[in-house]
Amino acid sequence: MYAIETNNLTYRFPSGFGSGIFSHSKASSPEILHNLCLNVPQGSIYGFLGQNGAGKTTTLRLILGLLKKQQGTISIFGKSFHEHRLDILREIGSLIESPSLYNHLTAQENLAIYQKIYGVAEKRITEVLDLVGLPDTGKKKAAEFSLGMKQRLGLAIALLNKPSLLILDEPTNGLDPNGIIEMRELLKQLQREQGITILISSHLLAEIEKLVTHIGIINKGQLVFQGTLDELLTKREQRSRTVLETSDKQVTKHIAEQFNIPAEIEQENIVLPAIPRDILAAITRTLVEKGIAVYGISRINDDLETIFMNVVKE
Amino acid sequence: MNFLAIFQSEYLKTRRSLASWLVLVGGIFTPLIIFIARMRFPHKMTNGYQAPDFWLNVWNNSWESMAMFMFPMGIIMATGLVTQLEFKNNAWKQLHTTPQRYVSIYFMKLIIILLLLAQVFIVFNGCLYFFTILPVLFLSNVSYPSGAFDIMHYTRDNAKYFLDCLPIVTLQFLLGMHFKNFLVPLGIGFLMWILSLTTLSWEYNYTLPFSYLMMDFLRNTGRNIPQNVNIHMMALMYSTFFTVIGYVVYTFKHEKG
């Protein structure tokens, strides 16, 4: 079962008078999202990746009902969001873009606002403050918090109602490296111990590759990859290359092609696609038998960031 | 959803906010100024305090600045400040992802503003009485006023003035909920107030929704204001209209944070 399932979600920014009721869609306004079918498995940590402006935040805002849906469907835990908005929102914690904090209030007071709405026990405020590492802010107002502290408090608000689904939009913005590691560990712990499904967006794959179980990559409003992290790693495997450095490039290329391996000369090297080890051994053996000096054999794996960029470029 | 919980949540947001300070300052300001002015001529108080219509004079003197300036300006600013709490803190998106109906969010905010308005009335009335009595406590030549203190009359006036304020509150609330830029509702509010103030002698002034508080005060003090128009009913009709329109605009707003 999917925690989140969108079907052909399409969205254009309304043109017209501001963002109010006088706004209306025009066929000429560009599509921000095009037929987006997002499937977030229950219990997963789903990394939603895309460059700035790709449509990540728009998707998350549509899922949370902050933008009026224009086309397509959104289901959360198998229920239509449109029909069960309140029931669904009771199960969701969210942090979209910068944290929403009342700057004239303390951390406790900020949480108390939502504690009353969600109807959770007051002691939950202390629990979530401890959980995000803000146990001793006392009477300090949110306006005096650092960006990292604000981000943590935003996460505390998202966790207050013990959500089954956590939607986080670039939650590590403003956190120092240590804070990023702490947040990563916290999210992993929440998923592991409480089975919370987490949808986390980012424009940096490196930032979330150590966290997620599933990945969706969005580019220009379209989902260009969706699957498990392992599937993405397999894609990396498929894209890995073997580089040979020999004394005669032309002969090496010719020998590789005799094994039906397409070879390319790149500067001083011969570049082959990922090939089985026994074929690589046979090519090397043939080269040596023909008196070609082999100076080096190496395997190049793209890092995930390069894979991400390649997927986006495709 | 628990009504009381939503109320507490919304009310908590006003704690230490500018709007809550405005309530205090708005309620104290006029009685304090009148007290200071009175203290400059203490000898006049000996006879003045014993005048039969002493309380009525105090009441009308105090309401003059409140009805003409303080209340309209205060409501325009306080309503803007309350609605700005969400815009300024980028908090609409969090509020709209809590399990609350839009109707609860909208009307609870309006109730909070009306509560703040009621607080101004209470602070103002309390200060009015306190600062009037204060000289009696420490000036030997001033005795407690001997004139009748018709509490029912003043309560009725308070209720009517409160009703007169509603069109200002509801229109400012409508604008404040829609426009992110604080200056838009503020500018429109001040323009409406100035328009109502400058056209007080116009025979159709009662058609302007910001004019009822001023008209009511002038009528109570015997000025030449048309008597055949029920301005309280007009105020009620305008405020109902603005509330409904405001709710429709809010509900159908395309982007909710």
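Every read-out reported here was derived from the displayed coordinates using simple, explicitly stated rules and does not represent laboratory data. These numbers come from a predicted model, not from an experiment. Neighbour counts run over all protein chains shown; Cβ positions are idealised from the backbone, glycine included.
Applying 1/(1 + (r/R0)^6) with R0 = 25 Å to the Cβ-Cβ distance of residue B:194 and residue B:223 gives a FRET efficiency near 0.85. Panel order for B:247, B:161, by other beta carbons found within 10 Å of each beta carbon, from fewest to most: B:247, B:161.
The amide H of residue A:219, built 1.01 Å from its N in the peptide plane, has A:224 as neighbours under 5 Å, considering only residues 5 or more places off or on other chains. The peptide list B:223-232, A:91-100, put in order of mean Cβ contacts within 10 Å with the highest first, becomes A:91-100, B:223-232.
Taking the average, over residues, of other Cβ atoms within 10 Å as the packing measure, peptides A:251-262, A:36-47 rank A:36-47, A:251-262 from highest down. Simple spin-label estimate for residue A:143 and residue B:148 gives 5.0 nm between the two label positions (7 Å along the Cα-to-Cβ direction from each Cα). Couplings 3J(HN,Hα) for segment B:50-56, derived from phi with the Karplus relation 6.51 cos²θ - 1.76 cosθ + 1.60 (θ = phi - 60°), are 9, 5, x, 9, 4, 5, 5 Hz, where x marks Gly and Pro. Sorted ascending by nearby beta carbons within 10 Å, beginning with the fewest, A:309, B:70 become A:309, B:70. The ranking of B:193, B:202, B:55 from fewest to most other beta carbons within 10 Å of each one's beta carbon is B:202, B:55, B:193. Note on chain B: Lys pairs 8 or more places apart or on different chains, Cα atoms under 14 Å apart, count 8. Once backbone amide H atoms are built at 1.01 Å from N, residue A:4 has A:40, A:77 as its partners under 5 Å, excluding neighbours fewer than 5 places away on the same chain. Per-residue shielding of A:63-75, expressed as the average number of other chain Cβ atoms within 10 Å of the residue Cβ, stands at 2.
Counting only other chain Cβ atoms within 10 Å of each residue's Cβ, the peptide A:102-113 averages 5. Cross-link partners for residue A:235 among the lysines, with Cα-Cα distance under 26 Å and sequence neighbours closer than 8 places in the same chain left out: A:56, A:188, A:210, A:220, A:253, A:313. With r as the distance between the Cβ atoms of residue B:103 and residue B:180 and R0 = 22 Å, compute the FRET efficiency 1/(1 + (r/R0)^6) and round to 0.05. The value I calculate is 0.50. Peptide B:171-184 shows a mean partner chain C-beta count of 1 within 10 Å per residue C-beta. Computed packing ranks the peptides B:206-219, B:102-115 as B:206-219, B:102-115, most packed first, by mean other Cβ atoms within 10 Å. Here the average projected area of the convex hull drawn through the C-alpha atoms of the protein assembly as shown stands at 36.2 nm². Separation of segment A:189-242 and segment B:87-165, taken as the distance between their Cα centroids, equals 56 angstrom. For residue A:45, the residues whose modelled amide H falls within less than 5 Å of its own, excluding neighbours fewer than 5 places apart on the same chain, are A:198, A:213, A:214. Applying 1/(1 + (r/R0)^6) with R0 = 45 Å to the Cβ-Cβ distance of residue B:203 and residue B:114, what FRET efficiency is obtained, to the nearest 0.05? Step by step, r from the Cβ atoms, then E = 0.90. Shown in residue order for segment B:30-45 are the 3J(HN,Hα) couplings computed by the Karplus curve 6.51 cos²θ - 1.76 cosθ + 1.60 at θ = phi - 60°: 5, x, 5, 4, 5, 4, 4, 4, 5, 5, 6, 10, x, 5, 6, 6 Hz (x for Gly and Pro). Per-residue 3J(HN,Hα) values for segment A:32-42, derived from phi via the Karplus relation 6.51 cos²θ - 1.76 cosθ + 1.60 with θ = phi - 60°, read 8, 10, 10, 6, 7, 10, 9, 10, 9, x, 5 Hz in sequence order (x marks Gly and Pro).
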